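Student: This is the structure, below, for whatever I ask next.
The values are calculated or read from the model by the stated rules, or taken from the named source; none is laboratory data. Values in this document were obtained by computation on a predicted structure and should not be read as measured data. Positions of Cβ are backbone-derived with ideal geometry, glycine not excepted, and every protein chain shown enters the neighbour counts. We work out accessible area using only protein heavy atoms, side chains counted, and drop any ligands, DNA or RNA first. Shrake-Rupley method; radii C 1.70, N 1.55, O 1.52, S 1.80 Å.
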Amino acid sequence: MTEYAQVARELARVRRAWRRSTSLAGLAAWLLETLGLFSVAILANVLFDLHTVTRMLMLGAVVACSAAFFVWKVIRPWLRKVSDEDVALFVESTSPGFEGAMMAAAEFGPNSAEWRRHRQLVQLIIDAAVDRARAWDIRSGLRASLRKLHKYGVALLVLAGVFVAVSVMAPEHVQEHAIRVVNPFWKKPAPVSSLTGTGRDARRLGEEAAPLRVTALWHAGERLAGAIECPRGSSVPLQAILSRAPAGLDEPVEIYFRPATAGNDARWDRLAMHRIEKLFGYGITLTDVSEDLEFYVSAAQSPSERYRIRVYDPLAVEQFRIVTKHPSYLDAPPTEATEPSANVRALTQSRVTIDVRANNRLTSGLLRWEDQSELKGDPDIGDGRTLRVAFDVTDSTAFRMVLCDAHGQELETGMYVVEALEDLPPTVRLDEPRSDVATSPLGEMDFAAHADDDIALEAVNLVYINGADPSSVPQRVPLTLETLERHASGGGLPAGGAAAVEGTLTLELESFEGGDLTVGDMVSWYLEARDRKGQTAVTDVHFVYVRPYEEWAFMAVTPGGEELWSLSKPTTFADPISKWVAAAWNLRTEKRALARDEYVRRCRELGEKLRRSIGYLDGEEPE
């Protein structure tokens with residue numbers, strides 16, 4: 001069995017090397033994890049300023065975790081029992097050159113029965129295993145463990161380097177928090193002046209304490225040099241730096257404040273300031289500051305300079321003043337309205353001016369359309385709290401107002417709407433007469449009509465022409481109008497315009513302005529309503545047929561035998577051609593509302609019907 005003893009020695013050498021490398025890698029990992037836990041504990045104490053009980057629990061958790069890691073990663077691999085077969089398997093798995101010789105030697109070498117039965121074969125296996133074990137470089141088999149040790153060692157060095165760098169940059173800060181983590185009961189000693197220490201220390205040593213005074217006041221990270229401006233209702237943090245540490249309660253550090261408008265005889269309120277993590281530093285936060293204040297800091301009855309806190313309101317819009325200049329054709333005065341919103345409703349071609357009144361003085365502002373284009377406003381209106389913008393109304397759209405005040409606040413309002421209104425044409429309705437009439441050259445005709453307009457109606461005219469006289473031109477005679485309704489003010493529209501009227505007219509044919517009428521003349525006429533924009537609406541065209549006097553005057557005999565002359569009123573009359581003229585007139589008045597193809601189709605259809613009608617008058621049978 002002496003041959004196998006050589007194999008066992010080689011396996012024991014590998015076993016010791018494997019244990020060393022595994023334990024060293026575990027030791028590096030344990031140091032890395034312990035340093036990481038310690039760093040996390042320091043960071044938690046820095047961020048949250050942990051209470052003593054919390055630091056005790058945290059220290060216990062760090063120690064317990066570190067001990068558990070040490071046992072698992074360092075002690076356990078060293079004490080682990082590893083058999084020859086396990087070592088041989090490890091050698092074979094890391095060094096294929098053994099070709100199973102080490103496994104066979106470990107399995108058959110110690111077995112005396114196999115040795116006696118296969119002595120020569122087992123001897124050859126052991127000899128081969130011994131020869132290869134002597135030539136094997138044990139470091140090649142432990143390469144994986146060495147790589148793990150190298151990785152943990154590099155990470156440990158990096159983390160240690162970071163810790164050392166932070167400690168160098170802030171040695172006192174890191175030292176203080178490290179001690180607080182290791183010793184939860186440690187308390188930071190009060191700072192002592194490099195010259196004379198605290199007032200209590202100076203008195204104890206029989207020396208005269210340096211005067212305690214406020215050397216600087218700080219706000220929002222800047223040294224205080226003037227008044228503090230802040231939004232109403234906000235908090236104001238203040239810090240005071242003293243010339244030395246005060247001697248406890250004998251030298252209190254307090255802030256005194258009172259309303260700035262209270263007057264010189266007003267009483268001062270005071271609050272104690274607390275220590276902060278600055279050398280000889282004290283701080284306080286004044287919450288919910290809603291009025292201008294005057295304040296100073298007193299250290300041992302030694303006051304600082306007086307300062308002021310000026311409060312301002314958050315930027316807000318108080319009101320909108322909207323002035324609408326209507327289109328010139330209306331000849332109407334501008335409409336002015338004060339509203340809580342800036343919604344605009346105006347006719348196209350109107351000019352709208354919006355004055356935005358804010359609660360603070362404005363430095364700039366603009367109007368931003370819904371397509372993100374911008375219109376710059378003028379903030380220099382009145383006392384500086386009003387921004388003015390002006391624009392022409394062309395289409396319906398929407399916008400926002402963006403305001404900036406003197407305190408650097410910016411306000412973007414909600415979306416407001418511009419409703420562009422179109423001035424629609426008027427409408428007219430003929431009430432009398434409702435058809436063609438026949439009368440004599442001395443007859444009279446009564447006209448009555450009703451007209452409406454959405455903005456302002458200008459006039460209603462009777463338009464007529466003698467169709468029998470080629471040289472005749474259209475004549476216009478205004479109807480007498482009675483206003484039934486006027487538009488009220490508001491909504492961005494001009495007030496006072498006629499909304500609905502009734503018109504009447506009595507026309508004497510003998511005063512016909514187109515020339516004297518004779519029997520057989522045919523007068524065409526229609527009523528025309530016109531608004532102030534010049535848009536018109538017309539009724540259907542009608543005709544007056546001038547008939548002989550014999551058809552107009554007749555003699556009547558009364559029951560008593562008395563002869564009386566009677567004049568007949570104009571009578572209704574129907575002429576076959578008049579309906580075609582009226583149809584063509586109606587088609588002409590509808591031209592603006594029809595598409596071109598539809599208008600052409602109707603014209604052709606009317607022409608075809610007229611052709612058939614003429615053919616029928618000539619003796620042809622209509623279809």
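Student: Kindly establish whether residue 386 is open to solvent by 40 Å² or more (accessible area, probe 1.4 Å) and under 20 Å from residue 408 (Cβ atoms).
Tutor: So residue 386 does not fit the description; no.
Student: Let me ask something else. Tell me yes or no: at least one residue of segment 276-285 is modelled with pLDDT under 90, in contact with a His (Cβ under 9 Å, 6 or more places away or on another chain) and not in a strand (DSSP E or B).
Tutor: Yes, segment 276-285 contains a residue that is modelled with pLDDT under 90, in contact with a His (Cβ under 9 Å, 6 or more places away or on another chain) and not in a strand (DSSP E or B).
Student: Now, a different point. Which members of segment 16-50 meet the condition of being more than 18 Å from residue 76 (Cβ to Cβ) and out of contact with any helix residue (DSSP H, G or I) (no Cβ under 6 Å at 6 or more places or on another chain)?
Tutor: Passing the criteria: 36, 38, 39, 40, 43, 44, 47, 48, 49, 50.
Student: Report yes if some residue within segment 458-465 is within 18 Å of residue 538 (Cα to Cα), open to solvent by 40 Å² or more (accessible area, probe 1.4 Å) and among the hydroxyl-bearing types (Ser, Thr, Tyr); otherwise report no.
Tutor: Within segment 458-465 (the criterion being within 18 Å of residue 538 (Cα to Cα), open to solvent by 40 Å² or more (accessible area, probe 1.4 Å) and among the hydroxyl-bearing types (Ser, Thr, Tyr)), the answer is no, since none of the residues qualifies.
Student: Residues 411, 375, 403: which one is free of Cβ contacts under 8 Å to residues at least 60 places away in the same chain and assigned to a strand (DSSP E or B)?
Tutor: 375
Student: Here is a check on your reading of the model: is residue 267 closer than 17 Å to residue 307 by Cα, among the basic types (Lys, Arg) and touching a residue at least 24 places away in the same chain (Cβ under 8 Å)? Give the derivation first.
Tutor: Numbers: closer than 17 Å to residue 307 by Cα: yes; among the basic types (Lys, Arg): yes; touching a residue at least 24 places away in the same chain (Cβ under 8 Å): no.
So residue 267 fails the test.
Student: Still on this structure, I have one more. Only one of (1) of a type in the set (Ser, Thr, Tyr); (2) surrounded by fewer than 19 Cβ atoms within 10 Å (Cβ to Cβ); (3) at pLDDT 80 or above fails for residue 524. Which number is that?
Tutor: The failed condition is (2).
Student: Can you say whether residue 191 is at pLDDT 75 or above, in a loop (DSSP other than H, G, I, E, B) and more than 47 Å from the chain's Cα centre (by Cα), as far as the supplied structure shows? I'd like the intermediate steps shown before the answer.
Tutor: Values: at pLDDT 75 or above: no; in a loop (DSSP other than H, G, I, E, B): yes; more than 47 Å from the chain's Cα centre (by Cα): yes.
Judged against the criteria, residue 191 is not a match.
Student: While we're here: Just checking, does segment 205-214 include any residue being open to solvent by 50 Å² or more (accessible area, probe 1.4 Å), at pLDDT 75 or above and more than 18 Å from residue 278 (Cα to Cα)?
Tutor: Yes: segment 205-214 contains one or more residues that are open to solvent by 50 Å² or more (accessible area, probe 1.4 Å), at pLDDT 75 or above and more than 18 Å from residue 278 (Cα to Cα).
Student: Looking only at segment 402-420, decide whether some residue is over 30 Å from residue 314 (Cβ atoms), of a type in the set (D, E, K, R) and out of contact with any strand residue (DSSP E or B) (no Cβ under 6 Å at 6 or more places or on another chain).
Tutor: Among the residues of segment 402-420, not one is over 30 Å from residue 314 (Cβ atoms), of a type in the set (D, E, K, R) and out of contact with any strand residue (DSSP E or B) (no Cβ under 6 Å at 6 or more places or on another chain), which makes the answer no.
Student: Within the group 251, 229, 277, 291, which residue is buried (at least 17 other Cβ atoms within 10 Å of the Cβ) and acidic (Asp, Glu)?
Tutor: 251
Student: Take residue 547 and tell me if it is at pLDDT 75 or above and either charged (D, E, K, R) or open to solvent by 70 Å² or more (accessible area, probe 1.4 Å) (or both).
Tutor: yes
Student: Got a sec? Which of 518, 506, 439 is at pLDDT below 85 and open to solvent by 40 Å² or more (accessible area, probe 1.4 Å)?
Tutor: Sole residue among the options that is at pLDDT below 85 and open to solvent by 40 Å² or more (accessible area, probe 1.4 Å): 518.
Student: Listed residues 115, 72; which is over 30 Å from residue 277 (Cα atoms), open to solvent by less than 50 Å² (accessible area, probe 1.4 Å) and either under 60 Å from the mean Cα position of the chain (by Cα) or modelled with pLDDT under 80 (or both)?
Tutor: Values: 72 fails: open to solvent by less than 50 Å² (accessible area, probe 1.4 Å).
Exactly one residue qualifies, and that residue is 115.
Student: While we're here: For the list (1) closer than 25 Å to residue 329 by Cα; (2) surrounded by fewer than 17 Cβ atoms within 10 Å (Cβ to Cβ), I need the number of the one condition that residue 346 fails.
Tutor: Here residue 346 meets the rest and fails (2).
Student: Here is a list: 619, 607. Which entry is modelled with pLDDT of 75 or more, loosely packed, with under 13 Cβ neighbours inside 10 Å, of a type in the set (Gly, Ala, Ser) and farther than 27 Å from residue 428 by Cα?
Tutor: So the residue among 619, 607 that is modelled with pLDDT of 75 or more, loosely packed, with under 13 Cβ neighbours inside 10 Å, of a type in the set (Gly, Ala, Ser) and farther than 27 Å from residue 428 by Cα is 607.
Student: Spot the failing condition for residue 482; the list is (1) assigned to a strand (DSSP E or B); (2) touching a residue at least 24 places away in the same chain (Cβ under 8 Å), and only one is missed.
Tutor: So the condition that residue 482 fails would be (2).
Student: Follow-up. Could you tell me whether residue 485 is modelled with pLDDT under 90, under 60 Å from the mean Cα position of the chain (by Cα) and open to solvent by 50 Å² or more (accessible area, probe 1.4 Å)?
Tutor: Numbers: modelled with pLDDT under 90: yes; under 60 Å from the mean Cα position of the chain (by Cα): yes; open to solvent by 50 Å² or more (accessible area, probe 1.4 Å): yes.
Yes.
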